[in-house]
There are 2 protein chains.
Amino acid sequence: MKAIAVYEDGDEPVLMEKPRPEPSGGEALIRTLRVGVDGTDHEVIAGEHGGTPEGEDHIVLGHEAIGVVEDPNDTPFEVGDLVVPTVRRPPNGANEYFARGEPDMAPSGRYHERGIEGDHGFMSEYFTSPAEYLVPVPRELVELGFLVEPASIAEKAIEHTVASRSAFHWEPESAVVLGNGSLGLLTLAILGDTFDRRYCLGRRDRPDPTIDVIESLGATYINSNETPVSGIPAAYEAVDFVFEATGHAPHAFECIEALAPNGAAALLGVPGDWTFEIDGGKLHRELVLHNKALVGSVNSGYDHFEAAVESLSRLPRGYLDDLVTGVYPVEEFEAAFVDDDTTIKTAVEFGRYEER
Amino acid sequence: MKAIAVYEDGDEPVLMEKPRPEPSGGEALIRTLRVGVDGTDHEVIAGEHGGTPEGEDHIVLGHEAIGVVEDPNDTPFEVGDLVVPTVRRPPNGANEYFARGEPDMAPSGRYHERGIEGDHGFMSEYFTSPAEYLVPVPRELVELGFLVEPASIAEKAIEHTVASRSAFHWEPESAVVLGNGSLGLLTLAILGDTFDRRYCLGRRDRPDPTIDVIESLGATYINSNETPVSGIPAAYEAVDFVFEATGHAPHAFECIEALAPNGAAALLGVPGDWTFEIDGGKLHRELVLHNKALVGSVNSGYDHFEAAVESLSRLPRGYLDDLVTGVYPVEEFEAAFVDDDTTIKTAVEFGRYEER
C-alpha cells in the first residue's frame, strides 16, 4: 500500500510502498480516507520534534485522520463505520494514564504519538488501531473528519482553562485567539458557543483569506503589526479568555496584560528556547491582584475527540469548508505540504467513502 | 478609644484617640482582642500600597483581627461571641461580587479593604461591622484567631489552584512553599492535610527560628542561597504544587521549572515593576508540553475564612504557638511592627477575653 513518510535523515515527505497491516486481537483494520497536515508534521519533517519508531529508519506521517472500518476483526465496530483515531499510544502495553482515558496527561516517556514520535502515523492507505482508540464519526463529517483531531486539542485546552475558573462564578463574554493558523481559526468558531465577542490576532495584512473567514464569523481581526497583544485592552477590550496558538513565546507572557480581571489564558504553542526581557514584576503582580491564570495544554483524550465531533457537527459548514484550502490525492501529496499565504488547512486524500 | 493608625504623610504607625464607633442597623459592635501584623501593613505604612478613607488624613491599620461581640445590636450574634471580620467592603452599598460572597473576585474600584485601602482597619479597641462580614470562631482559637485572615488567603489560593487541576485525575503528593514568612509557614502546615512531602524555601542560613518550625512539621527546608527555585527538581524532586509567597517576581516564572508534569503553582506575591530576562521559550514550552498552570490569587471570601477556622482548629497547637513570636499590649505597639530575623508573626493585644 502507499504511505507517506519521512526518513530519519531526510527533510521532506516521501511516498513509499509498505505492506498492508494485519489487525491483531482487539484491533480493527481501517481504510484511510483523508489525513490533515499541520505544523507538527512540518516539525517532524524538519527533525525538530518527535522521532521514528524503535528500530526503523522512517516514520509514516499523519495524526489527523478519518477512515472507514474495513475489517472490524471482532471489535464492536461494523464494516463501513466512520472513525477518527486518537494519537497517543502506551509504549509498553497499558499504563494508568491510558487506563483512565487521559493519555494527554501522560508525561514524557509514557506515550508514543502516532505519526509524531515512536509510532507510525495514519498517512497510508490502511492502518490498524485498537478499537478503544477509535472515535465514531457521523456520516455528515466524512469529508471534514480530519478536523476532529485538531478540534479535540482546542476542546481540551478550553476545558482545562475553564476548569481553572470553576472555584468562583465566572461569566466570560470576550475571547481572543492568538494565531490565525488552522487551529486558531477552528477554535475561534468553537468559542462562538460561549463568547459573545471574539477576536483573532494574526500578523498578516489585508487582503488575506484568514481575515475573510474571521470576519465571516462576526469576529474581529487584530493585526499584530498594529496592535501588540499587550495593547489589546486599550485598542479593543480586556478579554476574559485568551487562546494562544502562535507558539510565539512572548505571547505566553504578554497575554497576561490582555486579560480582564479573573480571566485565564490557554497556552498551546511549543516554541524553542528563547531568552528575552519581560517586566516580570508587573506581570506577576497582575496575575495575583486580578486572579488571573495561565494554563498549558497539550494533546487530547478520548472525551475531547467526542466533544470535537459534536462541535464540528454544530459549526457552520460553509466556515469549515472555507478553512480547507486544499485536499490532494496521494499522488499529489507534496502540494498538501506547501504552506504559503493562501494556505489555511490541507489534507491528503487516500480514498473515498462509498455508500453501501 | 485607643487606635493605631498611619497618617497619609506619615511613615510610621502612631497611637491616637478616636471616638468609640456606634453600630448602624445590621452592624454589631465588636471589642477587639488581638490584631496581627503582616507585610501588607508595612506596605501601607510605607505608602507603597492602599490609601486613607475618603476625606480623612489617616487610616486605622489592621486587617487580621479577632474580637468579641460587645453589642449584637439586633444581629444574629450574642454578647460574648468570638468573631473574625472579613476585610473587603463594597464601596457604595452592595455589588454583585459581594452579593455572591466573592468579594475577593471584585476588580479594582469595586471594593475597599479595611485597614488597607479606603476604610479604617481593626487596630482600635472597638470596631463595628455588618454581621454578614463576621465569621464565628470557636473558643479554643481565642488567642490565635488573628491567624484566621492570613490562613483564609492560603485556603483561597489552594482552592483555586486545585480547581485548575479538576478536569483530570490529579493525585498530588509533593508541595513546595516559596517563602518562610508567616503566610508561607502557615500554609506549609495547612498543606499537611493533602501532601505527603512538603518543602519550604527561604533565604536564611541556620540557625534560624523559621527553619526549626519547618522541620518540626517534618518538612524540608530549602536554602535558596544553595538551591535556586529552578534547581529544586535536581536537588530534591519536581513538585506537584508550588505556593509562591515571596513576592520575588522571578519566582513566579522559575517555579514552572520546579513543577512536575501536570503540576500547578499558586502565586500570591505582589511585587513592584521589575524587568529581567527569562528563557521564555523554554518556560512556555514547559507549561504546554507538561500541562502546567500558574494561578494568581488575592484576598479571600467568607467561605475561605470558614475553611481557615477549620484548618486552624485541626493544626498542631504547638506549631501555631511557635509561629507567634510576639503579642504586645497596645501601649507597646511599636514592638509588633519590628520585623527582624527573630520575628515570624506578631500581634497587638487590645483586650482579653473574659469568660461569662
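A few points about this structure:
- Expressed as a whole percent, the accessible area of region B:152-296 that falls on carbon and sulfur atoms is 44 (1.4 Å probe).
- GNM on chain B, alpha-carbon springs under 10 angstrom: the most fluctuating residue among B:Gly326, B:Gly115, B:Gly145 is B:Gly326.
- Simple label model, 7 Å out from Cα along Cβ direction - A:Glu96 to B:Glu78, nm: 4.9
- What separates the B:Glu96 label point from its copies, with the point 7 Å along Cα to Cβ, is 4.1 nm, written shortest first.
- Dipole of chain B computed with +1 at Lys/Arg Cβ and -1 at Asp/Glu Cβ about the Cα centre; of B:Ala163, B:Asn225, B:Thr342, farthest Cα towards the positive end is B:Ala163.
- Copy-to-copy label separations for B:Pro209, where each label sits 7 Å from Cα toward Cβ, in nm and ascending: 7.0
- Inter-chain shielding of B:295-308 (mean C-beta neighbours from other protein chains, 10 Å cut-off): 3
- Accessible-area rank, largest first, for A:Asp240, A:Asp196, A:Asp340: A:Asp196, A:Asp340, A:Asp240, with all protein chains present and a 1.4 angstrom probe.
- With the whole protein complex present, B:Glu159 retains an accessible surface near 80 Å², based on a 1.4 Å probe.
- Rounded accessible area per residue of chain A, 1.4 Å, Å²: 38
- 13 Å beta-carbon shell around B:Asp279, net charge (K/R +1, D/E -1): -4
- Solvent-accessible surface (1.4 Å probe) assigned to A:Glu332 amounts to roughly 100 Å².
- Area accessible to solvent at A:Trp170, 1.4 Å probe radius, in Å²: 50
- Inter-label distance for A:Glu173 and B:Ser313, nm, one decimal - labels placed 7 Å from Cα along Cα-to-Cβ: 4.1
- Per residue of chain B, the DSSP helices (runs of n ≥ 4 H) give a summed -39500 (n - 2.57) that works out to -7000 deg cm²/dmol at 222 nm.
- Signed unit charges on C-beta, dipole axis of the protein assembly as shown, positive-most listed residue B:Gly269, A:Leu289, A:Leu134: A:Leu134
- The charge dipole of region B:152-296, taken about the Cα centre with unit charges on the Cβ atoms of Lys, Arg (+1) and Asp, Glu (-1), comes to about 160 debye, rounded to the nearest 20.
- Counting Cβ atoms of other protein chains within 10 Å of each Cβ in A:267-278 and taking the mean gives 6.
- For chain A, share of DSSP beta bridges that run antiparallel, in % to the nearest 5: 50
- Total lysine pairs in the protein assembly as shown at Cα distances under 19 Å, for residues eight or more apart or on different chains: 7.
- The contact between chain A and chain B removes approximately 4500 Å² from the accessible area (both sides summed; 1.4 Å probe; ligands, DNA and RNA excluded).
- Rg ratio for the protein assembly as shown: its Cα radius of gyration over 2.2 N^0.38 Å, N being its residue count, equals 1.08.
- Neighbourhood net charge (11 Å Cβ-Cβ; Lys/Arg +1, Asp/Glu -1) for B:Arg89: -1
- Ranking A:Leu183, B:Val84, B:Met105 by how far each Cα lies toward the positive end of the dipole of the protein assembly as shown (charges on Cβ) leaves B:Val84 at the top.
- Exposure rank, largest accessible area first [B:Arg34, A:Arg352; 1.4 Å]: A:Arg352, B:Arg34
The values are calculated or read from the model by the stated rules, or taken from the named source; none is laboratory data. Bear in mind that the values here come from a model prediction, so they are computed numbers and not experimental data. Reconstructed Cβ throughout: ideal geometry from the backbone, glycine too, with neighbour counts over all protein chains shown. Accessible surface areas use protein heavy atoms only, side chains included; no ligands, DNA or RNA. Shrake-Rupley method; radii C 1.70, N 1.55, O 1.52, S 1.80 Å.
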